[in-house]
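Worksheet: one structure, shown below.
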Amino acid sequence: MARGRLCYRRPVPRSLTLPMAALLLALAPAPRAAAADEPVLVEFHFTPVPGAQIAIWLEDAQGKYVQDVMVTQAVGKYGIGNRPGIWNFLSSWRAPYGPRTSVLPVWAHRRGKTYPKIILHDEDPGDLDSLGFHENTSSDEPYFCRPLSPPEHEIISVDTMTCPSPKVFNSDKGQFDPGGEISWYPPRNDILGFDPLLDAEEIQTYAELNDLDAVTAATPPGEQAAFVTVLVRPEAMAEPPLTAYLEINLEADENASYSFDRETDHYVDPDLSAYGVEYLGQPAVVYAVPFDPLTKGFRGTSEYAGYADWNGATGTLHPPDATISTANGSGADRLKVMTKNGETFRWGVYSHGGPGDGGTTGDGESDSDGESDGVTGAGSTTEDDPGDGWGTCAQVQALAPVEDLALVSESFDRVQVSFRLPPPADPTIALKEVQVYSIASNAPLTEELLGAAHQSTFAAGELNTTEGLVSVEIGELWGDYTYQFAVRYEDACTNRSPLVTAQITTEAQKFQTVDTFCFLATAAWGAPWTAQVAALRTFRDDFLKTSPTGVDLIRFYYAHSPPLARVIAREPLLRGLARVVLQPVADAALLATAGG
């Protein structure tokens, strides 16, 4: 296989390289009487390619992990690094199975935190390598949808970014590995419901185990300058200087050194061989910039520090080499070169400095190693420009909430959110972004539920404003669902406004394009949107689930129908016989549900 051709190198020290070690020593400030007793505002600037997964974190001079800064929500909220199924399942946008252990492995291992490994709750050995036959352990799915075929992937994920409706797709939420295996990634924390007939009890603890709520953020849109801020805690600055790391990964980012095959390197479900697309590619790439938070100024780099294992097996950071691409948005070019305030870089850090800094930046000497590590801006300052995010901040400030929040359904999967931003309390502090949260629920969206809600972030420059009214569009929704929305904004000094909430029910989806794979009737009629299958599903939900006898019938059916469904799905003659047997039942279900 292609991955057998890859070269592996001895792990480098956590100081990365000798030039980097020299730079860290050069940056070390004079001894301080005591550690900082106030947090320090630090900004991170970069321009990623679209669709990338990103983590940002800080380590001290000893290589100790001291603070999380940010992780994209596919990893931090939806747990793609620790979900049930075979690790190399063919992926597609928002598919529910197959842990992506290669997504951000350097970040994951350096955090030093482990979680129970999530495996399929389906105990049938014949289902453990299947993308679909899990009906007996599948419950309502709040986010993921079935794998897409390659032609669908081109249309749905790139064009409309729309998942098929969950009303005909449920998922197995998994359970803890009974053998005690661990994962370096947290489980998902977006599950609000629990079905004791279908779900493992452990799923009720996923949100508690997931400790990334505070740093999980929406994936940057790509090809636009991204701006992340953090208040560095005093205890994190006890061993200066710090190093700011960014790890970035992109699915299916292949090149000559990392070339993978759909059938050979991924797992193709023989029962569903038309579904799923390749995801393996070049490993995650890491950037690193050393800096002292208490020293005001900018530091940036255009060179990457190294790359991760292609399969995420360890947290090793391999030094740069010719196997990683450096152009066309691939490999190390997943962060684009950008220029801001006279500085040119891919990964940039600006500290607002500590109390008493007075805007100075040390002795002003240049790098002792001649910048051979690619880090620039050491000992330099930039003209304060509050409108551009670099400058002095009042870090504690009350922001007024947005006004006139209104929701309008544009289609079954899209809602227009409009509101007015109040006048800024301090005109010298720039607006950073607007955050819009959405969740399919009848319960109002509160601060406590934000961890489970989907986050969409709009940078100040992206906002469409007409006569003072701001309008943004939220997609990736389900048709005919009640959604709770919440809106708040954040300024360049990390101040956030209170949440303002509203509710809307989306339009019904006019047609379905999905196959549940699991229901015996679906195998018989070939698609879940047929009248017979829809009627049987409605009869199950509206009638059988309301009585003890009906619940027993459902349990019996879920226990015995998946193996039979797998057989008849592949045999036209058996599908015809199944339709003959099931047609009277479907007719009765049609009559029973006709009034609904």
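Count the net charge of all other residues whose Cβ sits under 10 Å from the Cβ of Glu476, scoring Lys and Arg as +1 and Asp and Glu as -1.
+1
State to the nearest 20 debye the size of the charge dipole of segment 403-505 about its Cα centre, where the only charges are +1 on K and R beta carbons and -1 on D and E beta carbons.
Dipole of segment 403-505, to the nearest 20 debye: 100 debye.
Could you tell me which of rounded, prolate or oblate describes segment 403-505, using a ≥ b ≥ c as the square roots of the eigenvalues of the alpha-carbon gyration tensor, with rounded for a/c under 1.5 and, failing that, prolate when a/b is larger than b/c and oblate otherwise?
prolate
According to the square roots a ≥ b ≥ c of the eigenvalues of the Cα gyration tensor, what is the shape class of segment 47-203, taking rounded for a/c under 1.5, prolate for a/b larger than b/c otherwise, and oblate for the remainder?
oblate
Within 10 Å of each residue's Cβ, count the other Cβ atoms and sort Tyr483, Tyr350 from fewest upward.
Lowest to highest Cβ neighbour count: Tyr483, Tyr350.
Arg420 versus Thr501, label points 7 Å from Cα toward the beta carbon: distance in nm?
Placing both labels 7 Å along Cα→Cβ, they lie 2.4 nm apart.
Quick one: if you stick a label point 7 Å off each Cα along the C-beta vector at Ala459 and Glu38, how many nm between them?
Rounded to a tenth, the inter-label distance reads 2.9 nm.
If I take R0 = 25 Å and measure r between the Cβ atoms of Glu123 and Glu263 in this structure, what FRET efficiency does the formula 1/(1 + (r/R0)^6) give, to the nearest 0.05?
About 0.30, to the nearest 0.05.
Sort Met237, Met338 so that the residue with the fewest other Cβ atoms within 10 Å of its own Cβ comes first and the one with the most comes last.
Taking fewest neighbouring Cβ atoms as first place, the list is Met338, Met237.
I need the calculated FRET efficiency for the pair Thr466 and Ala225, taking r as the beta carbon distance and R₀ as 25 Å, to the nearest 0.05.
The formula returns an efficiency of 0.55 here.
Under a Cβ-Cβ cut-off of 10 Å, what is the net charge of the residues other than Pro116 that fall near it, where Lys and Arg count +1 and Asp and Glu count -1?
That works out to -2.
Multiply the residue separation of Thr326 and Leu405 by 0.36 nm, subtract the distance between their alpha-carbon atoms, and state the gained length in nm to one decimal.
Once the chain is fully extended between Thr326 and Leu405, it gains 24.0 nm.
Where does each of 196-209, 409-422, 579-592 land if you order them by average Cβ count within 10 Å, highest first?
Highest to lowest by the protection proxy: 409-422, 196-209, 579-592.
What order, most packed first, do the peptides 135-146, 170-181, 497-508 have when packing is the mean number of other Cβ atoms within 10 Å of each residue?
Peptide ranking by packing, descending: 135-146, 170-181, 497-508.
Before anything else, pin down the relative contact order of segment 164-234: Cα pairs under 8 Å, at least 6 apart, normalised by residue count, whole percent.
30
Within 12 Å, Cβ to Cβ, of Phe291, how many net charges do the neighbouring residues add up to if Lys/Arg are +1 and Asp/Glu are -1?
-2
A short reminder: the numbers here are calculations on the coordinates, not readings from a lab. None of the values given here were measured: they were computed from a predicted structure. Backbone-built Cβ (ideal geometry, glycine too); neighbour counts: all protein chains shown.
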